[in-house]
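The next block holds one structure in the form of structure tokens; read it before the comments.
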Amino acid sequence: MASDIEYRIRRSTRARRVRVSVESERGVEVVLPQRAPEREAAAAIRELRPWIERRVAELERARAAVAARAGTVPYLGQTLRLAVQPGRTRAHRRGDELLVPAGPDQRPALERFYRRAARDEVASRLDAACAQAGSTYTRLTIRGQRTRWASCSRTGAMSFNWRLLLAPEPVLDYVVWHEVCHLDILDHSSRFWALLERRCPGYAEQQRWLRFNGTTLVL
């Protein structure tokens, strides 16, 4: 039965098929095309039950990880202690402290800090990796994608998720090398994985870490 999974239905004029999402803010949501009967929502929940249950468990683990930080945030394997300063408008790092504005929700200031830091952290690693590989990229963008950690376009434009700075440093290094290898091989063929292993030996360990812990990389 699908009834023991709580979900909400949202109709969309743009939807052409039934979609199911599980997000920390909205819970389980089923998007239906305007004329689709509601029974299609229940059918989708039944069909996707294993995935929904895994996703819910991942989100619960992420919430527990954030709660366990207790006034700290991770930064490439380090732990920064949050220090509230009344009157401050932006977050600023000072040694092992991160000075943050006062208020009930510091996440906007924290995210802006990580986005600024990500550009420097990623750019230095990307430049070094490209120099070592003899490759070049055309542009670097820092984003906050929900489903992607990084991407490389056919034109050599690079995009990285700022949340990677919440992971240990070797994970960021792996993702950088992954995208640099795409400058030579754009697909995920066996040739690509062999090239990545030569350039980033042992990458599979970081890949597994990111797959298992990716949902905890939130503020």
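Projected area of the chain, taken from the Cα convex hull and averaged over every viewing direction, in nm²?
Projected area, direction-averaged: 15.1 nm².
What do you get for trypsin sites (Lys or Arg not before Pro) in the stretch 133-219 restricted to DSSP loop and a cutoff of at most 13 other Cβ within 10 Å of the site's Cβ?
Listed in order of number, the matching sites are ARG146, ARG148, ARG154.
Report the dimensions of the stretch 123-190 along its three principal axes from the alpha-carbon atoms, largest first, rounded to Å.
28, 26, 22
How many nm separate the modelled label positions at THR147 and ARG191, each set 7 Å beyond the Cα in the direction of the Cβ?
Inter-label distance under the simple model: 2.8 nm.
Contour minus end-to-end for ARG199 and GLU38, with contour as 0.36 nm per residue of separation and end-to-end as the Cα-Cα distance?
Full extension from ARG199 to GLU38 adds 52.9 nm.
Given the options PRO104, PRO86, PRO74, state which has the largest fluctuation in a GNM of the chain using a 10 Å cut-off (strictly under) for Cα springs.
Greatest mean-square fluctuation among the candidates belongs to PRO104.
Two decimals is fine: what is log10 I(q)/I(0) at q = 0.14, 0.28, 0.29 Å⁻¹ for the stretch 151-208, from a Debye sum with one equal scatterer on every Cα and no solvent?
Taken in order of the listed q values, log10 I(q)/I(0) reads -0.36, -1.21, -1.25.
Taking the Cα centre of the chain as origin and charging only Cβ (+1 Lys, Arg; -1 Asp, Glu), how large is the dipole, in debye to the nearest 20?
Values: 39 positive and 25 negative charges, 155 e Å.
That gives a dipole near 740 debye.
I need the Kirkwood Rh of the stretch 1-58: take the reciprocal of the average 1/r across all distinct C-alpha pairs and report it in angstrom. Present the calculation step by step, with values, prior to reporting the outcome.
Details: mean 1/r = 0.0870 Å⁻¹.
Kirkwood hydrodynamic radius for the stretch 1-58: 11.5 Å.
Would you mind estimating how fast the stretch 98-148 diffuses translationally, via Stokes-Einstein at 4 °C and 1.567 mPa s with the Kirkwood radius over Cα pairs, in µm²/s?
On the way: Rh = 13.1 Å.
It comes out at roughly 99 µm²/s.
Taking 0.36 nm per residue of sequence separation and subtracting the Cα-Cα distance, how much length would be gained by fully extending the chain between SER135 and PHE212, in nm to one decimal?
On the way: separation 77, 0.36 × 77 = 27.72 nm, distance 3.04 nm.
Here the answer is 24.7 nm.
I need the fraction of alpha carbon pairs in the stretch 6-125 separated by more than 24 Å, rounded to a whole percent. All intermediate terms of the calculation are to be shown ahead of the outcome.
Numbers: 3611 of 7140 pairs.
Above the 24 Å cut-off, the stretch 6-125 has 51 percent of its Cα pairs.
Among GLN106, GLN132, TRP51, which residue has its Cα positioned farthest towards the positive end of the charge dipole of the stretch 50-179, with +1 placed on the Cβ of Lys and Arg, -1 on the Cβ of Asp and Glu, and the dipole taken about the Cα centre?
Farthest towards the positive pole: GLN106.
What Kirkwood Rh does the stretch 101-219 have if only Cα atoms enter the pairwise 1/r average? Answer in Å.
Taking every pair of different Cα atoms in the stretch 101-219, averaging 1/r and inverting gives 14.9 Å.
Most fluctuating residue of HIS92, HIS188, HIS178 in a GNM of the chain with Cα springs under 10 Å: which is it?
HIS188
Give me the percent of the accessible area of the chain that comes from carbon and sulfur atoms, probe 1.4 Å, all protein chains in place.
In the chain, the share of accessible area belonging to carbon and sulfur is 48 percent.
How high is the FRET efficiency between VAL84 and ARG63 when r is their beta carbon distance and R₀ equals 22 Å, given to the nearest 0.05?
Plugging the Cβ-Cβ distance into 1/(1 + (r/R0)^6) gives 0.50.
The values are calculated or read from the model by the stated rules, or taken from the named source; none is laboratory data. On a predicted model such as this, the values are computed, not experimentally measured, just so you know. With ideal geometry, Cβ positions are generated from the backbone for all residues, glycine too; neighbour counts draw on all protein chains shown. Remember, those area values only see protein heavy atoms, side chains included, never the ligands or the DNA or RNA. Shrake-Rupley method; radii C 1.70, N 1.55, O 1.52, S 1.80 Å.
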